[in-house]
Amino acid sequence: MKLPSRLIPFVFLAALGCQSHSTAPAPTAADPTPLKEAARGLFRVGAAINAGQITGRDAVGSRLLATHFDSITAENNMKWMHIGPAPDRFNFDLPDRFVALGERLGVQVIGHTLVWHSQAPKWLFHDADGSEVSREELLRRLRHHVATVVGRYKGRVAGWDVVNEAIRDEDGTLRTDKPWYRILGEEAVFAAFEAAHQADPDAELYYNDYGLENPVKRAGVLKLIAAIRARGLRIDGIGSQGHYGLDWPLLSEIDASLVDFAQAGLKVMYTELDVTVLPRPENYFGAEISKIYKLAPELDPYRAGMPADKQAELAKRYADIFAIFAKHRESITRVTFWGIHDRMSWLNNWPIRGRTDYALLFDRAGEPKPAFHAVVEALQAAQKP
Ligand code: XIL
C-alpha cells in the first residue's frame, strides 16, 4: 500500500498504540486532508449552506462543513423573499442561526444577497393598489431593507454580496428589463452600496455575477464597478460565481478574467463554484432561475450513478480550475462551493427539476470523490516553493 507521506507519522503512531492526549479523536490514515488546510496561505474555502446544515438536520453536511470549510454563505435564507416576505415583516430566524453557526465554527460569514431581481418578493415592486411602485418609494424600501438586514448583523457578517447579477450577458448593459433597473437605473446599485456601508462600516462589500469569463459581460461589470468607485462608494471586490461545466468556460477564458480583475485592482472571490456534468438544454445559458425546462431522459443520463470515466473527467476539470486559481492566488481571497455534497446541490433542480447531478467534491453519502482528491493535490502542488 502506498501512503501519502504526510500520513505516515499518523500510521506509525497508530501502529505503536500511542494515545493522543487531547480529547478529540486523533486523525487516522482514513481522514482526508481538510480542504481549508490544503488551501492555507492561498485562499479561504467556503460552502453555501441551507436550513439542513444550519439546523444540523443534515448530519453528513454538518460534519463536512466543520472539517473542510472556513467560510460560509447563506444559500437562500438571506434573500429578500425569505428574509423580507411582506412589507415590514422580517424573518430572522434562520439568518440568526446561520450567523451564530459561523461564530460557533469560527469561520468567516458571508451575506448573500441584498439587491437581486430573482427571489425578490412580489410585494416589493408594487403599491398596495397594485400599481408599480414609484422611484422614491422603491429607493426608500431598498434603503430600509439594507439598513435593517446589514445593521442587524453589524460586526458579525464579514462581507456582503451587495448587488447580484445586474448586468446582461449579451452586451454588458444594465438589466433595464428588471424592475430594479427599469425604475432606478444605476441608482439601485449606488444606493445599495451606500446603505450597506452606512449600516456596517467594517463589512466588506462585493458585486457578484456569473458568466464573467465572457469578455463583453465582464467589460460591462467592470464599467459598473468603476462607476461605483467614481461615486466615492466602498466596494472591496468582485464575486465571480463560477457555475461551470466540464468544457465551458475555457480555462484560457477563466485565466483572462483573472488577469482583468487584477488589473482593475479588485479582490476576487469565487462565490458559487460547481461543475455540472449534465447536458444543457438548448438556450439555457443565463436563463432565469424561474425558467425551468422539461425533464427528458437523455437530459438526465446518470440517474443510476456516474461512470468512472466521467468521474475522472470531473476530477481533471476541477484540478485544472484550481491550478488556475492557485496561479492567481494574489488576487483570489476565497473560493466558495455552492453546496457541500451532491445531494444538496441546486443543480439537481436547475435548469431542469429532478435530475441527478454530480457537481461538487463530496458524493451523496458525504464521501470524498476523485474530484476532491484532485483538488487537494492541485492545492498541495501549489504550496510547494
Ligand atoms: C440558487 C439556490 O441554490 C437555489 O436553492 C434556489 O432555488 C435558487 O437560487 N446564482 C445565485 C444564487 O446568485 O443565489 C443562486 O442560488 C444560484 C445562481
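The values are calculated or read from the model by the stated rules, or taken from the named source; none is laboratory data. Note that this is a predicted model, so its numbers are computed, not measured. Quick reminder, even Gly has a Cβ in these numbers, built from the backbone with ideal geometry, and neighbours come from all protein chains shown. Protein only, heavy atoms only, side chains kept; ligands, DNA and RNA dropped before computing areas. Shrake-Rupley method; radii C 1.70, N 1.55, O 1.52, S 1.80 Å.
Just a few scattered comments:
- Residues (open to solvent by less than 10 Å² (accessible area, probe 1.4 Å), among the β-branched types (Val, Ile, Thr) and under 16 Å from residue 318 (Cβ atoms)) located in the stretch 263-276: 275
- Of residues in the stretch 104-127 being under 17 Å from residue 36 (Cβ atoms) and open to solvent by 20 Å² or more (accessible area, probe 1.4 Å), the one farthest from the ligand (Cβ to nearest atom): 106
- Test: residue in the stretch 251-258 that is open to solvent by less than 20 Å² (accessible area, probe 1.4 Å), away from the ligand (no atom under 16 Å from the Cβ) and either β-branched (Val, Ile, Thr) or without any contact (Cβ under 8 Å) to a residue 24 or more places away in the chain (or both): yes
- Of the residues in the stretch 47-68, at least one is within 14 Å of the ligand (Cβ to nearest atom), under 21 Å from residue 34 (Cβ atoms), outside any strand (DSSP E or B) and touching a Ser or Thr at 6+ places or on another chain (Cβ under 7 Å).
- Scanning the stretch 260-312 for residues that are hydroxyl-bearing (Ser, Thr, Tyr), out of contact with any helix residue (DSSP H, G or I) (no Cβ under 9 Å at 6 or more places or on another chain), modelled with pLDDT of 95 or more and in a loop (DSSP other than H, G, I, E, B) yields no hits at all.
- Search result, residues across the stretch 317-350 that are in a loop (DSSP other than H, G, I, E, B) and either among the hydroxyl-bearing types (Ser, Thr, Tyr) or under 21 Å from residue 250 (Cα atoms) (or both): 328, 329, 331, 338, 345
- Odd one out for residue 100 among (1) assigned to a loop (DSSP other than H, G, I, E, B); (2) free of Cβ contacts under 8 Å to residues at least 12 places away in the same chain: (1)
- Residue identified as within 16 Å of the ligand (Cβ to nearest atom) and farther than 24 Å from residue 45 by Cβ among 234, 229, 175: 175
- Restricting attention to the stretch 338-379, the residues being modelled with pLDDT of 95 or more and open to solvent by 60 Å² or more (accessible area, probe 1.4 Å) number 7.
- Within the set 195, 203, the sole residue that is within 30 Å of residue 67 (Cα to Cα), under 24 Å from the mean Cα position of the chain (by Cα) and open to solvent by less than 50 Å² (accessible area, probe 1.4 Å) turns out to be 203.
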